[in-house]
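Following: one structure in C-alpha cells, then a few remarks.
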Amino acid sequence: MEIAYETKEIRDLFQFPARALAQYGPRVARMLAVRFADLRALPNAAELLAFHPQETLAEGVPALELGLAEDYKMILVPNHPKRPEGPIKWAAIRRLKVLEIRGGHVQT
C-alpha cells in the first residue's frame, strides 16, 4: 500500500525512529514501526480489519482509528483527490494518509 503523511513531522516519525522514540517512548515508537511495516505490506485498506480499527470521521472524511500502544492511535484516511460519496469501499483503497497520531498528552 502507498502511504502519505499529513505533515512533515508525522512523516519524520516513520522515517526517523529516534524521533518517535524521543516523542512517544519505546512502546509507542515500536508499534509505530510495526504498524508502518504492516501498512506497507497490505494490498488494500480492507486488510486493516485484522487489526480491529475503529471507523470514525476525521475532518469530515471517513477514517480508520488504529490502536498503537498505551492510549495512542493512528488516524488513517483514504489518500485520494476526490471525496467519495457514500460509504467507503476499503477494499478499493490502496493509498492511505496518516492524518495524525492521537493520544496521551501529545497530538501530531
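Values in this text are rule-based calculations from the coordinates and carry no lab data. These figures come from a predicted structure and were not determined experimentally. Reconstructed Cβ throughout: ideal geometry from the backbone, glycine too, with neighbour counts over all protein chains shown.
What does the charge add up to near Ala58, with Lys and Arg as +1, Asp and Glu as -1, over the other residues with Cβ less than 9 Å from its Cβ? Write down the numbers at each step before the final one.
Values: positive: none; negative: Glu59, Glu65, Glu100.
Taking every other residue near Ala58 into account, the sum is -3.
All other residues with a Cβ under 11 Å from the Cβ of Arg102 taken together, and with Lys, Arg as +1 and Asp, Glu as -1, what is their net charge? Before the final figure, lay out the partial values.
Working: positive: Lys73; negative: Glu65, Asp71, Glu100.
Combined, the nearby Lys, Arg, Asp and Glu give -2.
In the calculated pair distance distribution of the stretch 2-102, what percentage of Cα-Cα distances lie above 19 Å?
Values: 1875 of 5050 pairs.
Roughly 37 percent, once rounded to a whole number.
Using only helices, what value at 222 nm comes out for the chain when you add -39,500 (n - 2.57) per DSSP H run of length 4 or more and divide by the total residues, to the nearest 500 deg cm²/dmol?
On the way: 3 runs with 32 residues, N = 108.
Rounded to the nearest 500, the figure is -9000 deg cm²/dmol.
Would you mind calculating the relative contact order of the stretch 2-102 from Cα pairs under 8 angstrom and at least 6 residues apart, reporting the percent as a whole number? Mind showing how you got there, number by number?
Working: 150 pairs, mean separation 33.0, N = 101.
Relative contact order here is 33 percent.
Place +1 on the Cβ of every Lys and Arg and -1 on the Cβ of every Asp and Glu in the chain, take the dipole about the Cα centre, and give the residue among Gln54, Ala41, Gly103 whose Cα lies farthest towards its positive end.
Value computed over the given set: Ala41.
Mind listing the long-range amide H neighbours of Asn79? Cut-off is under 5 Å, sequence gap 5 or more, other chains count too, H placed in the peptide plane at 1.01 Å from N.
HN-HN under 5 Å from Asn79: Arg95, Leu96, Lys97.
Count neighbours as other Cβ atoms within 10 Å of each site's Cβ, and list the trypsin sites (Lys or Arg not before Pro) in the stretch 60-103 that are DSSP loop with at most 13 such neighbours. Could the numbers behind the result be given before it?
On the way: sites: Lys73, Lys82, Lys89, Arg94, Arg95, Lys97, Arg102; in loops: Lys82, Lys89, Arg94.
Qualifying residues, ordered by number: Lys82, Lys89.
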